[in-house]
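Chemist: Below is one structure. I have some questions about it.
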Amino acid sequence: MQHQNRQPELVEGSLPVFVFPTELVFYADEQTSHKQVLTLYNPYEFALKFKVLCTAPNKYAVVDATGAVKPQCCVDIVIRHRDVRACHYGVIDKFRLQVSEQSHRKALGRKEVMATLLPSAAQEPSHTRPQEEERKMKEQLADSAFFEQTAFQPESRVVSGGPSVLTVLLGLVCVAVLMLPTLGELESVVPVYLHLSVNKKLVAAYVLGSNGDDGIPRGCGFQDPSRTFIFRP
């Protein structure tokens, strides 16, 4: 005998999605309003994956644009408006929260949330729109093109690459050559066959100095993070 409360098979796009609020309003003259929070609720007995899409992803930064919600739990999704300019006043953008089961890729449900930028709170739009305007708004939501919203990350700085392993090894070899005694030095504990001529040391110094573009300073010096050695042939 089948249980009466058995969960029916979920059809793609049929699962209700619970999000609050259903509309985001940003105010240009209120810095605190440039960050809004969307709360996604999961009242079901199974975990959900979610993805945040947007019609204008370049205007917003979303913290945790993808993630998961445990059964009967909720998550907060932080949305920051990062392009507060007069040319965007009154423009209605849309966010789409798309949810699916963790074991499936198909979207079980979706919910659209409108986002508007206004100059100030005094110009807040009326929430009692006429029925015809509401119908047109729904049509616009259905026809809008949504794009994947990348997760918010701090602005990355371009960091130049350090010297390659080969360059470092070559520099160390040159340093070792310059540290060996020169031919003719009598007071040295180093074997005679390791005494090098001045010409060989000049070659090592030249190689060491010519790698300045790879992170080793030019000249006859080799910079170490903790010490600086200056060698003169």
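Chemist: If the chain between ARG82 and LEU180 were fully stretched, how many nm would it gain, using 0.36 nm times the residue separation less the Cα-Cα distance? Write down the numbers at each step before the final one.
Modeler: Numbers: separation 98, 0.36 × 98 = 35.28 nm, distance 5.94 nm.
Extra length from ARG82 to LEU180 when fully extended: 29.3 nm.
Chemist: Residues of region 39-58 with amide nitrogen under 18 Å from the 7 Å Cα-to-Cβ point of GLU101?
Modeler: 42-51
Chemist: Per residue of region 167-182, what does 6.51 cos²θ - 1.76 cosθ + 1.60 with θ = phi - 60° give for ³J(HN,Hα)? Whole Hz please, x for Gly and Pro, Karplus curve as stated.
Modeler: With the stated coefficients, region 167-182 comes to 5, 5, 4, 4, x, 5, 4, 5, 4, 4, 5, 5, 7, 5, x, 8 Hz.
Chemist: Tally Lys/Arg at +1 and Asp/Glu at -1 over every other residue whose Cβ is under 9 Å from the Cβ of ALA56; what's the total?
Modeler: Values: positive: LYS59, LYS94; negative: ASP83, ASP93.
My count for the surroundings of ALA56 gives 0.
Chemist: OK, next. Rounding to the nearest 20 debye, state how big the charge dipole of region 3-113 is about its Cα centre with +1 on each Lys and Arg Cβ and -1 on each Asp and Glu Cβ. Working shown, then result.
Modeler: Details: 15 positive and 12 negative charges, 60 e Å.
The dipole of region 3-113 has a size of about 280 debye.
Chemist: Mind checking the full-extension length gain between PHE18 and VAL173? Use 0.36 nm per residue of separation minus the Cα-Cα distance, one decimal, nm. Intermediate values should be presented prior to the final figure.
Modeler: Values: separation 155, 0.36 × 155 = 55.80 nm, distance 6.55 nm.
Roughly 49.2 nm would be gained on extension.
Chemist: Moving to a separate point now. Please work out how much length the chain gains when fully extended from HIS195 to TYR89, using 0.36 nm per residue of separation minus the C-alpha to C-alpha distance, in nm with one decimal. Write out the running numbers ahead of the final one.
Modeler: On the way: separation 106, 0.36 × 106 = 38.16 nm, distance 7.72 nm.
Full-extension gain reported as 30.4 nm.
Where a number appears in this text, it was derived from the coordinates with a stated rule and is not lab data. Nothing here was measured: the structure is a model prediction, and the numbers come from that model. Glycine also receives a Cβ, built like all others from the backbone with ideal geometry; neighbour counts cover every protein chain displayed.
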